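The values are calculated or read from the model by the stated rules, or taken from the named source; none is laboratory data. The model shown is predicted, which means the values in this text are computed figures rather than measured ones. Cβ coordinates were reconstructed from backbone atoms using ideal geometry, including for glycine residues, and neighbour counts include every protein chain displayed.
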Amino acid sequence: MTEYSELHATAPAALPVRVLAFGYALAAYLLFFATFVYFIFFIAGILVPKTVDGGAASVTAGALFANIGLMALFGVQHSVMARPAFKRVWKRVVPDHLERSTYVLASTLVMMALIWGWQPLPQQIWLVTQPAWFWLLWGLFALGWAVLLASTFMTDHFDLFGLRQAAVHLSARTYEPVVFKSRLLYRYVRHPLYAGFLLAFWATPDMTLGRLVLAGGLSLYILVGTLLEERDLKTAFGERYRAYCQATPRYL
């Protein structure tokens with residue numbers, strides 16, 4: 001549902017150049033996918049060497065400010081680079097068919113920095129041990145990530161992550177932007193992808209201070225980012241998107 005501009009009507013680049021461009025987009029996609037899977041386990045606190053609560057407890061004030069700074073970097077990068085005004089300037093440097101892949105790569109690097117620099121704050125906020133509630137919360141955690149992934153395929157997964165643009169360029173065809181349409185979960189909520197994020201952030205039987213800070217900071221980013229994104233979508237799609245907003249709730 002995100003707007004992308006058409007490729008400039010120019011003669012196709014040489015085939016080796018187009019192959020390299022597609023390789024760049026594919027590498028950015030694969031790096032993002034691997035980092036994102038790591039991020040899921042980072043939040044869950046399983047299977048990976050660095051987790052949200054892993055390591056010795058940090059000095060609370062210093063760790064808190066460091067973590068807030070990392071989340072601010074994450075939010076600023078995602079929000080600023082996604083805005084049309086930034087894209088207009090950015091595309092003077094990066095070609096249209098690689099703009100989205102470069103955004104994905106930048107987002108991945110920021111996510112890696114967030115994981116690498118995160119300071120553990122394992123102080124307990126709540127702990128659920130009753131088996132039925134314990135497994136229900138873990139089930140909701142998994143459901144959140146499943147909803148998020150499924151939502152990307154309900155629009156255009158490969159366009160969202162830049163592969164479609166590079167593939168169109170590789171085949172020397174003209175890129176057509178994704179057409180706005182509400183289907184499947186998008187018929188019931190405007191942002192099922194963000195709803196999945198919010199569910200995954202908060203559904204946990206073991207809420208520590210560190211995870212609370214992460215969930216709260218990224219939830220705030222989502223709430224603010226949603227307003228900015230909807231403003232851009234109203235500009236792009238006009239009255240049709242405004243009517244969709246009036247008829248469809250944001251998250252639930």
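Here Leu31 fulfils each of the conditions (1) modelled with pLDDT under 95; (2) of a type outside the set (D, E, K, R); (3) surrounded by fewer than 17 Cβ atoms within 10 Å (Cβ to Cβ); (4) not in a loop (DSSP other than H, G, I, E, B) apart from (1).
Test Val94 against the stated conditions and say whether it is aliphatic (A, V, I, L, M) and more than 24 Å from Gly216 (Cα to Cα). Write out each step before concluding.
Values: aliphatic (A, V, I, L, M): yes; more than 24 Å from Gly216 (Cα to Cα): yes.
Yes, satisfied.
Within the range 84-95, is even one residue touching a Lys or Arg at 6+ places or on another chain (Cβ under 8 Å), closer than 22 Å to Asp232 by Cα and surrounded by 15 or more Cβ atoms within 10 Å (Cβ to Cβ)? So far as the range 84-95 goes, no, none of its residues is touching a Lys or Arg at 6+ places or on another chain (Cβ under 8 Å), closer than 22 Å to Asp232 by Cα and surrounded by 15 or more Cβ atoms within 10 Å (Cβ to Cβ).
Of all residues in the range 83-133, those being assigned to a helix (DSSP H, G or I) and free of Cβ contacts under 8 Å to residues at least 24 places away in the same chain number 8. Hey, any hits in the range 125-140 for a residue that's surrounded by 16 or more Cβ atoms within 10 Å (Cβ to Cβ) and either in contact with a strand residue (DSSP E or B) (Cβ under 8 Å, 6 or more places away or on another chain) or at pLDDT below 95 (or both)? Yes: the range 125-140 contains one or more residues that are surrounded by 16 or more Cβ atoms within 10 Å (Cβ to Cβ) and either in contact with a strand residue (DSSP E or B) (Cβ under 8 Å, 6 or more places away or on another chain) or at pLDDT below 95 (or both).
Return yes when Asp96 is in contact with a Gly (Cβ under 9 Å, 6 or more places away or on another chain), among the charged types (D, E, K, R) and more than 22 Å from Glu230 (Cα to Cα) and no when it is not. Before you say what the answer is, go through the steps one by one.
Numbers: in contact with a Gly (Cβ under 9 Å, 6 or more places away or on another chain): no; among the charged types (D, E, K, R): yes; more than 22 Å from Glu230 (Cα to Cα): yes.
The answer is no for Asp96.
Of the candidates Leu214, Leu148, the single residue that is touching a helix residue (DSSP H, G or I) at 6+ places or on another chain (Cβ under 6 Å), modelled with pLDDT of 95 or more, under 23 Å from Val104 (Cβ atoms) and crowded, with 17+ Cβ neighbours inside 10 Å is Leu148. Within the range 187-210, the set of residues being over 15 Å from Trp145 (Cβ atoms) and of a type outside the set (Gly, Ala, Ser) comprises Arg187, Tyr188, Val189, Arg190, His191, Pro205, Asp206, Met207, Thr208, Leu209. In this structure, is Val80 on the phi < 0 side of the Ramachandran plot, in a helix (DSSP H, G or I), surrounded by fewer than 14 Cβ atoms within 10 Å (Cβ to Cβ) and in contact with a helix residue (DSSP H, G or I) (Cβ under 9 Å, 6 or more places away or on another chain)? Judged against the criteria, Val80 is a match. What residue, of Leu198, Leu209, Leu193, is of a type in the set (A, V, I, L, M, F, W, C), over 22 Å from Gln77 (Cα atoms) and surrounded by 18 or more Cβ atoms within 10 Å (Cβ to Cβ)? Leu209 is the lone residue from the list that is of a type in the set (A, V, I, L, M, F, W, C), over 22 Å from Gln77 (Cα atoms) and surrounded by 18 or more Cβ atoms within 10 Å (Cβ to Cβ).
For every residue, the table says whether it meets (1) farther than 26 Å from Phe32 by Cα; (2) free of Cβ contacts under 8 Å to residues at least 12 places away in the same chain; (3) in a loop (DSSP other than H, G, I, E, B).
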position: Ala167; (1), (2), (3): no, no, no
position: Val178; (1), (2), (3): no, no, yes
position: Ala195; (1), (2), (3): no, no, no
position: Ser219; (1), (2), (3): no, no, no
position: Val224; (1), (2), (3): no, no, no
position: Leu228; (1), (2), (3): no, no, no
position: Lys234; (1), (2), (3): yes, yes, no
position: Arg242; (1), (2), (3): yes, yes, no
position: Pro249; (1), (2), (3): yes, no, yes
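As a summary of the residue check, Leu47 satisfies the conditions (1) under 22 Å from Ala200 (Cβ atoms); (2) in contact with a helix residue (DSSP H, G or I) (Cβ under 6 Å, 6 or more places away or on another chain); (3) in contact (Cβ under 8 Å) with a residue 60 or more places away in the chain except for the one numbered (3). Scanning the range 34-53 for residues that are on the phi < 0 side of the Ramachandran plot, surrounded by 15 or more Cβ atoms within 10 Å (Cβ to Cβ) and part of a loop (DSSP other than H, G, I, E, B) yields Val48, Thr51, Val52, Asp53.
From Leu140, Leu136, grab the single residue that is touching a residue at least 40 places away in the same chain (Cβ under 8 Å) and not acidic (Asp, Glu). Break it down stepwise before answering.
Details: Leu136 fails: touching a residue at least 40 places away in the same chain (Cβ under 8 Å).
The conditions single out Leu140.
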